[in-house]
1. One decimal, nm, shortest first: give the distances between the label point of A:His218 and those of the same position in the other copies, each label point 7 Å from Cα along Cα→Cβ.
2. Where does each of A:His218, B:His62, B:His135, A:His192 land when they are ordered by accessible area, with a 1.4 Å probe and the largest first?
3. At A:Ser150, with labels set 7 Å past Cα in the Cβ direction, how many nm apart are the copies from this one, shortest first?
4. What are the distances, in nm and sorted shortest first, from the label point of B:Leu103 to the label points of the same position in each other copy, with each label point placed 7 Å from Cα along the Cα-to-Cβ direction?
5. Can you pick out the pairs among A:Lys68/A:Lys125; B:Lys52/B:Lys125; B:Lys125/B:Lys191; B:Lys52/B:Lys191; A:Lys68/B:Lys52 whose Cα atoms lie more than 25 Å from each other?
6. Extending each Cα 7 Å along its Cβ direction at B:Asp172 and B:Lys125, get the distance between those two points in nm, one decimal.
7. Work out, in µm²/s and without decimals, the Stokes-Einstein translational diffusion coefficient of the range A:20-82 at 25 °C, 0.890 mPa s, Rh from Kirkwood over C-alpha pairs.
8. List the trypsin sites (Lys or Arg not before Pro) within the range B:100-154 that DSSP assigns to loop and that have no more than 13 neighbouring Cβ atoms inside 10 Å.
Number of protein chains: 2
Amino acid sequence: MSEIAPQSPITPSVAPEADPRSLATRQRLLETAGEHFGERGFAGATIREICKQADANIAAVHYHFGDKAGLYAATLAHAREQSGPRVMGATPGEMTWQQLSALPPAVRLREFLLAMLRRVLDKGKPHWHTQLWLHEMVNPTRELDNVVDSSIRPQWEGLRAIVRELTGLPDDDERVWLSTCSIVAQVLLYKHGSAVMARLYAGSPAQAFSPDRPLHEHELRLLAEHICSFSLGGLARLRADRQDAEPVTETTSTPTDPSTQQSKEHPC
Amino acid sequence: MSEIAPQSPITPSVAPEADPRSLATRQRLLETAGEHFGERGFAGATIREICKQADANIAAVHYHFGDKAGLYAATLAHAREQSGPRVMGATPGEMTWQQLSALPPAVRLREFLLAMLRRVLDKGKPHWHTQLWLHEMVNPTRELDNVVDSSIRPQWEGLRAIVRELTGLPDDDERVWLSTCSIVAQVLLYKHGSAVMARLYAGSPAQAFSPDRPLHEHELRLLAEHICSFSLGGLARLRADRQDAEPVTETTSTPTDPSTQQSKEHPC
DNA sequence: GCCCGTTTGAAACGTACGATTCAAACGCGT
DNA sequence: ACGCGTTTGAATCGTACGTTTCAAACGGGC
């Protein structure tokens, strides 16, 4: 009586074709799972909680998705396809990729950063797709490869193209990679280090940017502005010293003096 | 028979004064716990594993530290005191804070970054103190306040002082905070996003900097060099536009495209 | 040498969670 | 209306943990 394989197809994988509340349940599970996984990550979320909030039974998860990992994979796929067309957070109020590509790269960088900041810092439902791979970033699961290829890399390439334009460096220059990295890092810290930054910022002049509570639109813009400006400066310097592995030079030597030196040795 | 308080003092907190193997066990537990917590974080580590590797009994943990949280707190305190004197990873081969303070700020920035990179990227025992609060950063526990105040903030202030010197901005300028943030972010991404970066970097010109395996000394230096250079550029730009909230300006105008148009409609 | 607080060892308990089972309910084709 | 594959509900199992218990072992002070 204790056969291994029960009787169910375990993972239909494709929608089981026109069922009254089956699809509804499946859908509800995906939505709810998205929220939970987005908030707490794969390990942190429990299928019990998800099922309770989705008004579904635990058995439904196993029927539709096989197991927790299957639900997670399906949730990622679901999030992927329903936010597929948008690029870099082109939520309703924002620009499309088409519009952006007409603008100068420096402006595009700022828009990119603003959109990314919005999605990264916004807690809650609208952007749980982003929240999902932010968790995947810190606590990778077996789904990471998919997430990187289908969600992260496109945006990475978008930013890298901007960096390439801004620096004029060839595509295969490693500094383009490193700089792209430097830029996204500035955004991501506010997510991955929010608890620490909140405490460091507490009571400081930068208090308004403390990332523990939702940032207001105004602060979000200022933050994007700072990161954009800082990054443009970094990229400008990148163009300056073309020779590789050159140690720290005399740029910005004297500290508190207001002299106008900002870049002396720029050949271009 | 089921009294609440057993009979033990639960948390001696101070060393129980000259005991043959008691101190030894306590010490062994602290060391092993440090490694485990550093590798997997508080939630990821199990006291069973720790005890097994430390050749101690689970009851010993309860006796010496009360519970898992107590062991964790003690581990943090232990790590703190035994790496207290050093500042920003002044491991044997590196400079002391004293020596550094004599150098120009740009050089100090580079040394700071190199030391930080070393500690952040180095997996394994020597730097599990740093690894410990890197975990605390992403998955905060009740100990976070202590960690921030006693471990993170001193180094933050050190870096902030360098930024202040490099920009000449007053102490209470929020841009100093934001820029300090931008700098540490570049280092931390290689830790918190290592899995993703490894995949993005795979097969790219920046392949050598893929943070999934230990970086060689040479790559570590190049990485520090890049972050330093990029950051100096960002800081230099910060000095340039003194007026606040100024939108993207003409610096590093579009290279591959000759048009000089930039921000048009930005009231921000 | 004996008493008593301290420390250790081995086992058990309680809980949270994912996975499993199985029968009942449902819906569709005939 | 009937039978059969599909879906759901409720209960149960197995495992991994942290925690607790309690008696045995230890060691210094009388």
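1. 5.3
2. Of A:His218, B:His62, B:His135, A:His192, the descending order of accessible area is A:His218, B:His62, B:His135, A:His192.
3. Output for A:Ser150: 4.6 nm, nearest copy listed first.
4. 4.0
5. Values: A:Lys68/A:Lys125 21 Å; B:Lys52/B:Lys125 18 Å; B:Lys125/B:Lys191 16 Å; B:Lys52/B:Lys191 28 Å; A:Lys68/B:Lys52 30 Å.
Beyond 25 Å: B:Lys52/B:Lys191; A:Lys68/B:Lys52.
6. About 4.9 nm, to one decimal.
7. Translational D for this selection: 219 µm²/s.
8. In loop regions of the range B:100-154 (DSSP not H, G, I, E or B), the sparsely surrounded trypsin sites (Lys or Arg not before Pro) are B:Arg142.
The values are calculated or read from the model by the stated rules, or taken from the named source; none is laboratory data. Keep in mind the model is a prediction, meaning the values are calculated, not measured. Using ideal geometry, Cβ is built from the backbone for each residue, glycine included, and neighbour counts are taken over all protein chains shown. When the accessible area is computed, the model is the full protein with side chains, heavy atoms only, and any ligands, DNA or RNA have been set aside. Shrake-Rupley method; radii C 1.70, N 1.55, O 1.52, S 1.80 Å.
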